[in-house]
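Heads up, the thing below is written out as structure tokens.
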Amino acid sequence: MGAFLITGLLAGLAYALKMISRSGALGGFVVGAVIYLCLGPPGFVVLALFVVVSSALTRLGYRSKHRRGVAQDHGGRRGARNALANCGVALLCAVLAALIPSGAFAAAFVAALGAAFGDTAESEVGQLARSTPRLIATLRKVPPGTDGAVSVTGTLAGLAAAGLTALLGLMLGLVTESGVALLVALAAFLGTVADSFVGALAPRVGNEITNVLCTLVAAALVLFLA
């Protein structure tokens, strides 16, 4: 019962603060409730970190982003499709962690959310950078908001987000060793790199698909290497 209450409160608050749409609130409630039931409060706290800070970064300098044509649609509100694209892999890892007695799936869960958080941080912070971004595949200068574009500022933000998520996972016991935490942080960051390459080489794939691939790469690296 507590899982549904706490998840409902977070979803309702996020909707009231115009962080998510109605569909986003519903999708977030389902994702959050399942993660809470599978991994308990620690899993939910890692999810909350991603949701709250990512929403704050989306709103950071929103007027400037809007003037440049790179702002998130619908006033920064994210819908159910975005929630599933960013959290679907983490959700699967949480379910597997509950069903299979192995810490690897819990670590993969943290890595997947770290990748989603890192990708959002790179995009939202990088779009505010004064320097011109470059396409990751060719290093050619491109306009802000171009699929596959990267910047030093955005990359550092992504690294920080991946590291923060891994550290929180370690503190909450989802990641059991410091060495594994370093692997989780690296895997999360490499997931964002994969996202950028896919965006640069196949821009028509769409943002949701690249988000899924980003989190999938991060989780798979941890499962194979942990």
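Find the eigenvalues of the gyration tensor of the Cα atoms of the chain, then list the square roots of 5 times those eigenvalues as equivalent ellipsoid semi-axes, largest first, in whole angstrom.
Details: eigenvalues 145, 89, 38 Å².
Working through the eigenvalues yields semi-axes of 27, 21, 14 Å.
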* With labels modelled as points extended 7 Å from the Cα through the Cβ direction, what inter-label distance (nm, one decimal) is found for Ser131 paired with Thr176? -> 4.1
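Could you give the length gained on full extension between Thr138 and Leu225, defined as 0.36 nm per residue of separation minus the Cα-Cα distance, in nm? Working shown, then result.
Details: separation 87, 0.36 × 87 = 31.32 nm, distance 2.93 nm.
Working it through step by step, the gained length comes to 28.4 nm.
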* Whole-Hz couplings from phi, Karplus 6.51/-1.76/1.60, listed for the range 43-50; x for Gly and Pro -> x, 5, 5, 5, 4, 4, 4, 4
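State the three equivalent ellipsoid semi-axes of the range 84-197, derived from the C-alpha gyration tensor as the square roots of 5 times its eigenvalues, in descending order and whole Å. Each step should come with its number before you reach the end.
Working: eigenvalues 168, 36, 20 Å².
After scaling each eigenvalue by five and taking roots: 29, 13, 10 Å.
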* Structure fact -> With x for Gly and Pro, the residue-by-residue ³J(HN,Hα) of the range 114-124, computed from phi through the Karplus equation 6.51 cos²θ - 1.76 cosθ + 1.60 at θ = phi - 60° and given in whole Hz, is x, 5, 5, 5, x, 5, 5, 4, 4, 5, 6
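Net charge near Leu190: determine it from the other residues with C-beta under 13 Å of the C-beta of Leu190, scoring Lys and Arg +1 and Asp and Glu -1. Show your work: numbers first, answer last.
On the way: positive: none; negative: Asp119, Glu122, Asp195.
Counting the neighbours of Leu190, the net charge comes to -3.
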* Structure fact -> Karplus-derived 3J(HN,Hα) from phi for the range 175-189 (6.51 cos²θ - 1.76 cosθ + 1.60, θ = phi - 60°), whole Hz, x at Gly and Pro, runs 10, 8, 9, 5, x, 5, 4, 5, 5, 4, 5, 5, 4, 4, 5
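Could you work out the helix-only [θ] at 222 nm for the chain, with each DSSP H run of four or more residues adding -39,500 (n - 2.57) and the total divided by the number of residues, to the nearest 500 deg cm²/dmol? Walk me through the numbers on the way to the answer.
Numbers: 8 runs with 167 residues, N = 226.
My calculation for the chain gives -25500 deg cm²/dmol from helical runs alone.
Readers should treat all values here as calculations from the given coordinates under stated rules, not as data from a laboratory. Since the model is a prediction, treat every value here as computed from it, not as a measurement. Cβ sites come from the backbone with ideal geometry, for glycine too, and all protein chains shown count toward neighbours.
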